[in-house]
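Structure first, commentary second.
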Amino acid sequence: MKFEKYQGTGNDFILTDARRLKPLPKNELERVKFLCDRKFGIGSDGLILIQNHPDFDFEMVFFNPDGSQSFCGNGSRCAVAFAKKIGVVGESCRFLAIDGTHEAKIFKGKTENSEWVEVKMRDVPKVETDAPDTFVLNTGSPHFVRFLENLDGVDIFSEGKKVRYSPRFSEKGINVNLACPQNSGISMLTYERGVENETLSCGTGVTAAALAFHIFSGKKTGQNEVAVKTRGGDLVVRFLANTDGSFSEIWLCGAATFVFSGKI
């Protein structure tokens, strides 16, 4: 299997062109786990197949390291950059993922091996407010967001695991994000289900935290933009906050960078 490795703010992914030759059946989970294993395989936060689809520029099939499937925001941005590199798309595209249809725009990146990719996320009709500083919402994957005064000394692995395996969320799992207001934006840490560990970044989590921050900080409705700092780098989330409490026109924006190619 030929592959390329990409990373988006520290989220790293294995990508392969599966339009003609299907290198990995969708149900072959043990091979997914092997490829994503950092000791015995290639190592990554996920595996992405680029496949043909009659109604879209391509279909993105995403696997978590444990073999489960979900939507991945940073993975989708890397998938778009890879699709452009192999000639599937140009400066914009429409693709299908497990949570539905997405649009994307591609711009020249700051480095030779990177693209600036903006992916339109699904609308968020509802945000649950568990407490003034705690929110639950789905941005393509389910997320728990809590705001703290600072993140110094926070053990995101242990804190995230407590929430993810709590009676409320243990059956289906949830991604856990701890965030802190910083200047005009936020900084954050993420524990990801499927990876079952901290990741340096999470696109759907960044999106969830940005929307939750809008509510937490009492900002007005209309067009908004939030800068988000993760351990792996900086992202920007643009969105429209509607009067009924829903969010639409949500765009996750940041760099998607080629790392290396190989064959296994």
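The values are calculated or read from the model by the stated rules, or taken from the named source; none is laboratory data. Keep in mind that what you see is a predicted model, and the values were worked out from it rather than measured. As a convention, Cβ positions derive from the backbone with ideal geometry for all residues, glycine included, and neighbour counts pool all protein chains shown. The accessibility values were calculated without ligands, DNA or RNA, using every heavy atom of the protein model including side chains. Shrake-Rupley method; radii C 1.70, N 1.55, O 1.52, S 1.80 Å.
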- If we take segment 8-110, then strands (runs of 3 or more DSSP E) inside it with 2 or more residues that are among the aliphatic types (A, V, I, L, M), crowded, with 22+ Cβ neighbours inside 10 Å and without any contact (Cβ under 8 Å) to a residue 40 or more places away in the chain are 47-51
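Going by what's in this entry, would R164 be described as over 13 Å from the mean Cα position of the chain (by Cα), buried (at least 17 other Cβ atoms within 10 Å of the Cβ), at negative phi and of a type in the set (K, R)?
Yes; evaluated as a whole, the condition is true for this residue.
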- Note on the structure: The one condition L240 fails out of (1) farther than 17 Å from F135 by Cβ; (2) in contact (Cβ under 8 Å) with a residue 40 or more places away in the chain; (3) in a strand (DSSP E or B) is (2)
- Query: Does any residue of segment 178-194 turn out to be assigned to a loop (DSSP other than H, G, I, E, B), of a type outside the set (S, T, N, Q) and free of Cβ contacts under 8 Å to residues at least 24 places away in the same chain?
  - Reply: no
- Would you confirm whether any residue within segment 163-177 is assigned to a helix (DSSP H, G or I) and either in contact with a strand residue (DSSP E or B) (Cβ under 9 Å, 6 or more places away or on another chain) or over 23 Å from F216 (Cα atoms) (or both)? yes
- Residue check: is G140 open to solvent by 10 Å² or more (accessible area, probe 1.4 Å), farther than 25 Å from T230 by Cβ and either part of a loop (DSSP other than H, G, I, E, B) or touching a residue at least 40 places away in the same chain (Cβ under 8 Å) (or both)? no
- Condition check for S158: part of a loop (DSSP other than H, G, I, E, B), among the small types (G, A, S) and modelled with pLDDT of 95 or more: no
